[in-house]
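Participant: The following block contains the structure, expressed as structure tokens.
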Amino acid sequence: MAAMVNLTIDGHEVSVPRGTTILEAAKTIGSEVPHYCYHPGMSSPAMCRLCLVEVEGAPKPMPGCVTTVMDGQVVNTQSEQAKSNRQGVLEFYLVNHPLDCPICDMSGECDLQDYVHAEGREHGRGREPKRVFGRDDFGGDILFYGDRCVMCTRCVRFMSEVEQDHRLTVVERGNRSVIDTFFDEGLEGTNWHGNIVDICPVGALVSKDFLHKARAWDLTHTPSVCTSCSQGCNIDLHSRDNLVQRIKPRENLDVNAWWICDYGRHNYEWMNQGNRLDEPLARVDSLSEASGWKDALKGLLDRVDGLDNVSVKAVASPFSSNEDLAALSSVVDALGGGDIVYRSSAAGDEVPLKGFPQLVRRKDLSPNATAADLMNMTRVGADDASGGLESVAGHDGIVIVLGDSLPDQPVDFGENAGLYIYLGTHDSPAASNADYVLPVTSHAESEGTFTNFEGRVQHFDGALQAPGMSRPAWLILGALSAERSSGDIFRCAADAFASVGKQVPAFSGISYDDVGSRGAVINESVSLTGD
Amino acid sequence: MAYPYVSEHEVQVLSKYFGDPMQRRIDTYVERGGYQALKKAFELGSEGVVNTVKESGLRGRGGAGFPTGVKWSFMPKESGRPHYLLCNADESEPGTFKDRELMRWDPHQLIEGCLIGAYAIGAQHVYIYCRGEFFEANQVLARAVEDAYAKGYLGKDIMGSGNDLDLTVHQGAGAYICGEETGLMNSLEGRRGEPRVKPPFPAAVGAFGMPSTINNVETLCAIPHIVTNGGAWYRQYGTEKSPGTKLFCVSGHVNKPGNYELPLGFPLMKLIEEVCGGMRDGNALKAVIPGGSSVPIINAEEAGRCTLDYEGCVEVGTMLGCASVIVMDETADIVKQVRRMVDFYAHESCGQCTPCREGSAWTAQILRRIEDGRGTEGDLDTLMQMTQQMVGTTICVLSDSVAAPVQSSIEKFRDEYLSLIRRGERVGAA
């Protein structure tokens, strides 16, 4: 452990490791020193001059973002000098900032707005006409509003230091400086450029996808985990009107730090897809509405009792949560035992983020294949998640499909089955022969956990209201197996998670609290079979 | 000699051969005793050279006046990494034209100074960062460096001493800020000419990330003379705290503007009246900027009390800077002069630090509005307050240079601002 340094910040005694900056040290007492150019994931040029603080004995105010702490130092972030400096710098920003907040996407979550509201002058003194740069299309998902730029150069440094693909630079000098791209293609073809919208402290860099779509204050933020690959990046789903409007990264230094890839960022439209299954269907003569969940499940179990062959073949999905997969596994055991297979698509290449090497867009393009492997489910099919279901399609016992909508399977899928149970969010031609079609909630609508490529169990919350009578799969399957084995039904997701630990040794010893918002790595003695 | 004006008050050490094109030739330079100081330096050893320079009390001629010997002693010994000596020849301060003349007329004096300096700090490579607009100086220097290599004063085993040293003349591309030491390093490395945050200081992490020392042309030109004649000899000129001679670049409303080499501590009025032949047309003195456009302006009364050494200038509330004396007579329009200076700084701000990037341009806008007769008295308070926010709040001191002329002129020539604001009347004809 690094040697500790004791200093005083705003009258509070602080003890931090040697080499910590004043700005980071102030965070430990809950004091945020306003800043633009500093970002913990990148080098600091100390050029916004907003984080200048008063250090007793220093001849000049010191930039908190690069000045490291010293023993016995006395720092004032709230002194007259520090405050008047911030007020001065903020006034300089407003000399040319257009104040077009009413039409700016950043409004409501803008650092310039926040800082000026907190510490700016009541009235501006600028009478001069403002400098105009206009707009520029940077390629990819990025639009640049030059007039709003505060020249913090975070975007330039992200591209050069983190993505390590020098696509942006500052051109010209003085107050004519402006961010620009080198070539016509701009950011087109880079894989992580969406992050520059997140780190832009103002509305200079905005997402074309989100442009004028929603106001920041109307969005509900729900902590979640990205489903686009097995990395398991921590994200927030921003929703309004029961629709996910955008995805933003959520800080987790163990997984994705502050970043996510563009592929994951824009992969959310499926969460808003309509035409959902919203009530349980049961086949009497033809497939028709059952009178509620109780009848449906009771009827289903009665059917099982009448079967000769109760061996089960099930298709699971690596997009289902740990809870759903474990509940499926126990239902299969409770009904008569059998095999579970799953299919997952794989990308040709991994896409690493060079400046933060532990963050990679993994080959495995599903969030929970690791858990499926740990639960002894067998991966089948091709790299585009097709095929491999021949033995299930013609099985004459019980067929269960969970979460895989079988887009590649023909309408005669499951025609020989004694009982065909289809649990999904959307109807499918391959569900034509199903005896029971049970509506489940999607990832965005329910609480649960995923296990990423390295065995980190991470929790996500539901952002959207589930349609109609759809229920989480763990609730439906848990009720079935409880009925069969006269156990307890799961009352909440935490109950379902607790039961995962009992079923699968790798998950034993992890509680919901352990998982928290940062995740917990599963029992390391259990080797991982996933990639 | 042909050089414009010479005065009997001058002590010509560095400027002895100004106007003599023969001095550019290496043979002439050697005949006149050139490169003997280098030989003596090798005999003294690097410690000996540093001590001699410390004894002389030579202070950096680029503007800050930091003791050169002390600066050299900051360089790490035996670091095992390459060391660099950088010569700042990016002379761009408005009103300054001494380095250009030193390079034009006596390039080998500079090369010899560089060699001695590099030897003293253990550097293997010298970069002379020369202002791009100095076409003639660049050509003269390039020729001189070629000659020095040919005669064995540069390259391997210099003068049989076993010391190797290379020298590169690098041409700037026309940015004032590249004269700031760390901005110069960035520019030299091929990056944007933006000053770096200090610490780390150049002696620890300088050009190409290696320990570096950077000296002004005039500083390095003084080195051969100090090594030849000793520190005590140099101290016979100038004052106790500001020893030696200094080139004064006098411009503006005097009869004989030009470069004059005088001992430090020379009275400002004596410089104007006796050395420069008095004010143009016998007009009255109005204001003087004694150290280049970045230092506070002084009025005639203060000029009367001012002696031209580092301490004497501070006493009257200004700075010696690089001793570029800009003299203005009663016809000068102070508001216009200040606005032109601020325009320059706004144009040359590198754009990193907010106070400088936004503040310098805004200051220029307000001054232009006042000049056009559309100002208010409140503008003067705004100017004073906002320029105060630009002092000591930025990475380098360019924004301090904006504040200096604005604040000092509003304090000392408030009437001129007010007359423009109230009646739209300009003072003077300029």
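Participant: For the protein assembly as shown, count the residues as N, evaluate 2.2 N^0.38 Å, and divide the Cα radius of gyration by that value, please.
Facilitator: Here the Cα radius of gyration is 1.25 times the empirical estimate.
Participant: If you don't mind, there's one more thing I want to ask. When you count, for each residue, the other Cβ atoms within 10 Å and take the mean per peptide, how do B:131-143, B:222-234 rank with the highest first?
Facilitator: On the way: B:131-143: 17.7, B:222-234: 21.0.
Peptide ranking by packing, descending: B:222-234, B:131-143.
Participant: Also: Mind checking which lysines have their C-alpha under 29 Å from B:LYS77, skipping anything on the same chain fewer than 8 residues away?
Facilitator: B:LYS39, B:LYS40, B:LYS54, B:LYS156, B:LYS198, B:LYS241
Participant: Moving on. Given the range A:4-78, what whole percent of its Cα pairs are spread farther than 17 Å? Working shown, then result.
Facilitator: Working: 945 of 2775 pairs.
Distances greater than 17 Å cover 34 percent of the Cα pairs.
Participant: At 222 nm, what helix-only mean residue ellipticity would the protein assembly as shown give, in deg cm²/dmol to the nearest 500, using -39500 (n - 2.57) for each DSSP H run of four or more?
Facilitator: Details: 29 runs with 291 residues, N = 961.
Roughly -9000 deg cm²/dmol at 222 nm, from the helical runs in the protein assembly as shown.
Participant: Rounded, prolate or oblate: pick one for the range A:190-308, where a ≥ b ≥ c are the square roots of the eigenvalues of its C-alpha gyration tensor, a/c under 1.5 means rounded, and failing that, prolate if a/b is larger than b/c, else oblate.
Facilitator: In terms of gyration-tensor shape, prolate.
Participant: Continuing with the same structure: Extending each Cα 7 Å along its Cβ direction at A:HIS221 and A:VAL411, get the distance between those two points in nm, one decimal.
Facilitator: 4.9 nm
Participant: Quick check for me: using +1 on Lys/Arg Cβ and -1 on Asp/Glu Cβ, what's the dipole size of the range B:245-329 about its Cα centre, in debye to the nearest 20?
Facilitator: Working: 6 positive and 10 negative charges, 37 e Å.
It comes to approximately 180 debye.
Participant: Here is a follow-up. Can you list the residues, at least 5 places off or on another chain, whose amide H is less than 5 Å from the amide H of A:ASP236, using H built in the peptide plane?
Facilitator: Sorted by chain and number, the residues that satisfy this are A:SER224, A:LYS248, A:ARG250.
Participant: Please provide three numbers in whole Å: the alpha-carbon extents of the range B:220-378 along the principal axes, with the largest listed first.
Facilitator: 58, 43, 25
Participant: Given that compact globular proteins tend to follow 2.2 N^0.38 Å, what is the ratio of the alpha-carbon Rg of the range B:334-423 to that value? Spell out each step's value before the answer.
Facilitator: Details: Rg = 12.1 Å, N = 90, 2.2 N^0.38 = 12.2 Å.
With N residues counted in the range B:334-423, Rg over 2.2 N^0.38 Å equals 0.99.
Participant: How do A:80-91, B:331-342 rank on mean C-beta neighbours within 10 Å, highest first? Please report the intermediate quantities before stating the final value.
Facilitator: Values: A:80-91: 19.3, B:331-342: 22.3.
Top of the packing list down: B:331-342, A:80-91.
Participant: Here's something else I'd like to know. Starting from the range A:95-198, pick out the GluC sites (Glu not before Pro) whose DSSP state is loop and whose Cβ has at most 12 other Cβ atoms within 10 Å.
Facilitator: Numbers: sites: A:GLU109, A:GLU119, A:GLU122, A:GLU161, A:GLU163, A:GLU172, A:GLU185, A:GLU188; in loops: A:GLU109, A:GLU122, A:GLU163, A:GLU172, A:GLU185, A:GLU188.
Answer by residue number: A:GLU122, A:GLU172.
Participant: Between A:ASP100 and A:GLN465, how high is the FRET efficiency from 1/(1 + (r/R0)^6) when r is the Cβ-Cβ distance and R₀ = 30 Å? Nearest 0.05. Provide the component values of the computation, followed by the final result.
Facilitator: Numbers: r = 34 Å, r/R0 = 1.14.
Efficiency for this residue pair is about 0.30.
Participant: Under the rule that a partner needs its Cβ under 4.7 Å from the first Cβ, which Cys of chain A have none?
Facilitator: That list is A:CYS51, A:CYS65, A:CYS101, A:CYS104, A:CYS110, A:CYS149, A:CYS155, A:CYS200, A:CYS229, A:CYS261, A:CYS492.
Participant: Let me understand the range A:36-182 better: what is its radius of gyration from the alpha carbons, and its Dmax, in angstrom?
Facilitator: Gyration radius and largest Cα-Cα distance of the range A:36-182: 16.8, 50 Å.
Participant: Sort A:LEU52, B:LEU154 so the one with the fewest other Cβ atoms within 10 Å of its own Cβ comes first. Could the numbers behind the result be given before it?
Facilitator: Numbers: A:LEU52 29, B:LEU154 21.
In order of increasing Cβ crowding within 10 Å: B:LEU154, A:LEU52.
Participant: Sorted from fewest to most neighbouring beta carbons within 10 Å, what does the list B:HIS347, B:HIS125 look like? Don't skip to the end; give the middle numbers.
Facilitator: Values: B:HIS347 16, B:HIS125 19.
Lowest count first: B:HIS347, B:HIS125.
Participant: Loop-only GluC sites (Glu not before Pro) in the range A:395-468, please: DSSP not H, G, I, E or B, and at most 15 other Cβ atoms within 10 Å.
Facilitator: Details: sites: A:GLU415, A:GLU445, A:GLU447, A:GLU454; in loops: A:GLU415, A:GLU447, A:GLU454.
In loop regions of the range A:395-468 (DSSP not H, G, I, E or B), the sparsely surrounded GluC sites (Glu not before Pro) are A:GLU415.
Participant: For chain A, what does the relative contact order come out to in percent, with C-alpha contacts under 8 Å and a separation of six or more?
Facilitator: Details: 1138 pairs, mean separation 57.1, N = 531.
Over chain A, the number comes to 11 percent.
Participant: Please give the average number of partner chain Cβ atoms lying within 10 Å of the Cβ of each residue in A:49-58, rounded to a whole number.
Facilitator: Mean shielding by partner chains, rounded to a whole number: 2.
Participant: Explain nothing, just the number: dipole magnitude of the protein assembly as shown about its Cα centre with +1 on each Lys and Arg Cβ and -1 on each Asp and Glu Cβ, in debye rounded to the nearest 20.
Facilitator: Numbers: 87 positive and 129 negative charges, 688 e Å.
That gives the protein assembly as shown a dipole magnitude of about 3300 debye.
Participant: With 10 angstrom as the radius, rank A:HIS395, A:HIS426 by how many other C-beta atoms surround their C-beta, starting from the fewest. If you can, show how the numbers build up before the last one.
Facilitator: Numbers: A:HIS395 22, A:HIS426 15.
Fewest-to-most Cβ neighbours within 10 Å comes out as A:HIS426, A:HIS395.
Participant: Here's another thing I want to ask about it. What does DSSP give for the range B:245-329 in terms of the percent of beta bridges that are antiparallel, rounded to the nearest 5?
Facilitator: Values: 15 of 20 bridges.
Looking only at bridges with both residues in the range B:245-329, the antiparallel portion is about 75 percent.
Participant: Apply the Kirkwood formula to chain A: the hydrodynamic radius equals the inverse of the mean of 1/r over all pairs of different alpha-carbon atoms; give it in Å with one decimal.
Facilitator: Numbers: mean 1/r = 0.0387 Å⁻¹.
Kirkwood hydrodynamic radius for chain A: 25.9 Å.
Participant: I want the antiparallel fraction of DSSP beta bridges within the protein assembly as shown, as a percent rounded to 5.
Facilitator: Details: 68 of 113 bridges.
Of all bridge pairs located within the protein assembly as shown, approximately 60 percent are antiparallel.
Participant: Dipole of the protein assembly as shown (Lys/Arg Cβ +1, Asp/Glu Cβ -1, origin at the Cα centre): which of A:SER386, A:PHE158, A:ILE522 lies farthest to the positive side?
Facilitator: Positive-most Cα among the choices belongs to A:PHE158.
Participant: Counting only other chains, what is the mean number of Cβ atoms within 10 angstrom of the Cβ of each residue in peptide A:90-102? Present the calculation step by step, with values, prior to reporting the outcome.
Facilitator: Details: counts 1, 9, 14, 3, 1, 8, 4, 1, 0, 0, 0, 0, 0.
That works out to 3 on average.
Participant: So, one more: For A:LYS248, which lysines qualify as cross-link partners when the Cα separation must be under 22 Å and same-chain residues fewer than eight apart are set aside?
Facilitator: A:LYS248 reaches A:LYS208, A:LYS213, A:LYS354, A:LYS363.
Participant: So what does the Cα-only Debye profile of the range A:281-521 read at q = 0.10, 0.14 Å⁻¹, as log10 I(q)/I(0), no solvent term?
Facilitator: Per q value, in the given order, log10 I(q)/I(0) is -0.45, -0.90.
Participant: Along the range A:10-21, what does the Karplus equation 6.51 cos²θ - 1.76 cosθ + 1.60 (θ = phi - 60°) give for ³J(HN,Hα), rounded to whole Hz, x for Gly and Pro?
Facilitator: Per-residue couplings from phi come out as 6, x, 9, 6, 10, 10, 9, x, 4, x, 5, 7 Hz.
All of the numbers you see were taken from the coordinates with simple rules; none came from a lab. Since we're looking at a predicted model, the values are computed, not measured. Every residue, glycine as well, gets a Cβ built from its backbone with ideal geometry; the counts of neighbours run over all protein chains shown.
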